[in-house]
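The values are calculated or read from the model by the stated rules, or taken from the named source; none is laboratory data. Keep in mind that what you see is a predicted model, and the values were worked out from it rather than measured. With ideal geometry, Cβ positions are generated from the backbone for all residues, glycine too; neighbour counts draw on all protein chains shown. Calculation scope for accessible area: heavy atoms of the full protein, side chains included, ligands and nucleic acids excluded. Shrake-Rupley method; radii C 1.70, N 1.55, O 1.52, S 1.80 Å.
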Amino acid sequence: MARERPLAGRMIGLAIVVILAFGGLAAGAGYWQVLRADELASSPTDAKVLAASATVVRGRILDRDGRTLASSRRAADGTPYRVYADPSVSHPVGYASSQYGAAGLERAFAAELTGSGGGDPLTRLLAKFLPPADRRLDVRTSLSLAYQRLAVRLLGESRGAVVMLDPRTGEILAM
């Protein structure tokens, strides 16, 4: 006849399993909520960023000389919408629309433009207890509006692509 293990031994084994399970859950939660928090909070697919992009007036997108490539205005009903400086910047800047979503720089920098970006943990904690602050940022690019217009004009009706780089710095001047 097989001898059963004492109850105390089984309880210790069960306690070890439970402790390891909770430790794994705590480590996973800590990893996602502390170490990856900024990356997740500024992701263009984050629910907070998506919700803010439909209702918040976004920051401006500027070229290298400070000229506005994209800005926000409000419709008569108060709904924000984007205004773009020139059709030639449509490819790199992209678009932001409540109906179609976002693309290009508008999508890549959605968290910064809407002010829903991560920030440091203390600022995020205090933001829960303070009145909402306007934390949206303007994004300054290395693009040149003049070079962008020239590139589109020179390409004309031809199919193709143009990328103009500053060879000293690697900055993109037009695309």
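Ranked from largest to smallest solvent-accessible area, with a 1.4 Å probe on the protein heavy atoms, Tyr100, Tyr95 come out as Tyr100, Tyr95. Note on exposure: Arg107, Arg36, Arg135 ranked by accessible area (1.4 Å probe, complete protein assembly) read Arg107, Arg135, Arg36, with the most exposed listed first.
When you count the other C-beta atoms within 10 angstrom of each residue and take the mean per peptide, 13-25, 80-92, 148-160, 63-75 line up highest first as 80-92, 63-75, 148-160, 13-25.
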